[in-house]
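Some notes on the structure that comes next.
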Amino acid sequence: MNKISTKLAASFIISFLIMDTLLMVYLHQTITHARVDEELDRLLKTGSNHRNVLEDNYTPTTLHHIILMESGGERDVAILDDAGNVMQHSLENEEVLAPYLKELKEEKPTKDMILPVDWKQSTYLVSVHPYQVAGNTGALVMLQSTIPIRQLVHRLNIHFILAGGGGIVILLVVYLLLSKWLTRPLIRMKEATEQISEGFYDVDLPNLSNDELGELAAAIRKLSTDLSRIKRERNEFLASVSHEMGTPLTYLIGYAKVAQRTELKDTERFNYLSIIEEEAERLKTLVKNLMDLSQMDEMTFTVTKSEFSSAGFIRDIVQLVQPSFDMKGITLQIEPFDDFTLVADRMRLEQIILNLLDNALHYSESGTPVTVRAFQDKKQAVLQVEDNGCGIPVENQQQIFEKLYRVEKSRSRSFGGAGLGLAIVKELTEAHGGRINVQSEPGKGSTFTIRL
């Protein structure tokens with residue numbers, strides 16, 4: 001977080017300094033130029049007034065009066081004759097006029113004008129006002145001291161430096177407050193993610209405002225909850241898998257040792273070998289189902305859709321499982337329906353229906369019917385498997401599609417299920433873009449409905 005704070009501070013300070021510098025330079029130049037322009041305008045107006053008075057009444061008294069008006073101030077005046085010689089002036093030292101007189105003698109002005117001088121380097125701003133009266137010609141030269149302008153610039157520099165320094169101090173205070181407000185929750189979220197990475201999922205994050213930080217905190221809390229649930233489910237899954245694989249392996253080892261006894265009769269040995277074969281098949285089915293689920297979780301299996309007849313598909317499946325239902329005395333029937341075209345992966349869809357029929361076979365009693373239906377509902381293909389078995393309690397109906405979940409764990413071994421069939425059905429159905437639901441009532445049976 002120190003890096004974020006440093007970047008945040010550097011970004012704010014650099015941005016502020018750039019904007020502040022540009023603004024101050026602009027204001028400084030604007031104020032300075034405005035003051036210079038103001039002084040030049042006033043100088044031109046004053047010089048024009050003196051020239052007008054001189055032309056109206058050209059007498060020694062008028063000359064003396066003009067000189068007297070500009071004496072002892074920041075502005076001075078000099079009156080020149082036609083040859084460019086100084087007749088009278090209010091300056092303490094006439095030599096300051098020398099640079100300007102040389103220029104006036106080389107090019108005599110014919111109208112009021114400002115001499116081009118650099119106020120930063122020159123002592124005066126200079127304006128020239130030619131006059132002509134009763135055959136007498138010459139020029140009235142006004143000189144405005146540049147000291148007030150330089151004093152103004154000096155004061156502006158001091159004020160702008162103080163303003164810039166004060167702005168930086170304020171910016172640092174704002175940065176400290178902002179970084180504290182912004183980075184503190186980020187630090188807490190960083191600590192929370194470190195706890196999650198170490199396996200501690202019970203993190204405590206504040207409920208922040210409804211902004212990006214609040215959304216990030218909510219996402220971390222959700223991640224923590226999901227990881228905690230996944231870890232719990234993984235542990236339960238591993239425990240269930242260990243149990244499910246351990247039981248047939250125990251039977252295999254036990255009955256294999258018994259079958260090795262030399263004193264056994266052939267009928268007994270054959271019986272034990274049959275049990276070994278049955279448990280091996282059970283173990284093989286369990287491993288296959290686990291591999292199927294693993295591929296589904298990793299999305300490494302494919303669904304290749306094609307078009308095929310629904311009537312032929314249902315008929316083929318029923319013929320495949322009919323012997324198993326006949327052996328248990330369960331009636332497997334197809335409810336009559338109009339044939340329609342199914343668009344699905346035939347092999348995967350067959351796996352779905354076979355799992356549902358296998359589930360119905362295990363949980364139905366002898367003498368009860370199992371019905372298979374297929375029909376169209378608007379643009380959806382609907383497949384149903386209905387049994388009259390033991391049923392599923394309402395509180396368990398949403399959990400039966402979870403891996404290794406069984407409603408009656410105490411009876412699972414006798415029913416031969418590992419709790420993977422319905423999980424596979426759900427994954428395959430969703431891979432087709434469909435959904436599955438169940439309607440069930442304990443003691444009356446269940447109906448599984450697939451919509452594609």
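The values are calculated or read from the model by the stated rules, or taken from the named source; none is laboratory data. Since we're looking at a predicted model, the values are computed, not measured. Here the Cβ is made from the backbone with ideal geometry for all residues, glycine too, and neighbour counts use every protein chain on show. Surface accessibility is based on the protein's heavy atoms, side chains included, excluding ligands, DNA and RNA. Shrake-Rupley method; radii C 1.70, N 1.55, O 1.52, S 1.80 Å.
Can you go through 34, 9 and tell me which one is open to solvent by less than 90 Å² (accessible area, probe 1.4 Å), in contact (Cβ under 8 Å) with a residue 12 or more places away in the chain and in a helix (DSSP H, G or I)? Quick ask: steps written out before the conclusion?
Working: 34 fails: in contact (Cβ under 8 Å) with a residue 12 or more places away in the chain.
The conditions single out 9.
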>> Cβ-Cβ under 9 Å, sequence separation 6+ or interchain: first residue in segment 366-377 and touching a residue at least 60 places away in the same chain (Cβ under 8 Å) and closer than 24 Å to residue 343 by Cβ, partner open to solvent by less than 40 Å² (accessible area, probe 1.4 Å) and part of a loop (DSSP other than H, G, I, E, B). Which pairs?
In response: 374/340
>> Show the residue pairs meeting these rules: Cβ distance below 7 Å; 6+ apart or different chains; first residue within segment 424-450 and free of Cβ contacts under 8 Å to residues at least 12 places away in the same chain; second residue open to solvent by 20 Å² or more (accessible area, probe 1.4 Å) and not in a helix (DSSP H, G or I).
In response: 439/447
> Somewhere in segment 45-60, is a residue in a helix (DSSP H, G or I), surrounded by 14 or more Cβ atoms within 10 Å (Cβ to Cβ), touching a residue at least 12 places away in the same chain (Cβ under 8 Å) and of a type in the set (A, V, I, L, M, F, W, C)?
Replying inline: yes
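Given the residues 190, 180, which is the only one that is of a type outside the set (A, V, I, L, M, F, W, C), in a helix (DSSP H, G or I) and without any contact (Cβ under 8 Å) to a residue 40 or more places away in the chain?
Values: 190 fails: without any contact (Cβ under 8 Å) to a residue 40 or more places away in the chain.
When all the criteria are applied, what remains is 180.
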> Checking residue 199 against (1) assigned to a loop (DSSP other than H, G, I, E, B); (2) surrounded by 12 or more Cβ atoms within 10 Å (Cβ to Cβ), which test does it fail?
Replying inline: (2)
> Among the residues of segment 292-333 satisfying the criterion of being open to solvent by 80 Å² or more (accessible area, probe 1.4 Å) and at pLDDT below 70, which is nearest to residue 368 (Cα to Cα)?
Replying inline: 297
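Give segment 138-184 a look and list any residue that's charged (D, E, K, R) and under 28 Å from residue 38 (Cβ atoms), or say none. Explain how you work it out, then say what you get.
Step one: filter segment 138-184 for residues charged (D, E, K, R), giving 150, 155, 180, 184.
The answer is 150, 155.
Could you tell me whether segment 194-205 includes any residue that is under 30 Å from residue 12 (Cβ atoms) and not polar (S, T, N, Q)?
Quick first cut of segment 194-205, residues under 30 Å from residue 12 (Cβ atoms) only: 194, 205.
With not polar (S, T, N, Q) added as a condition, the list becomes 194, 205.
Yes, segment 194-205 has at least one match.
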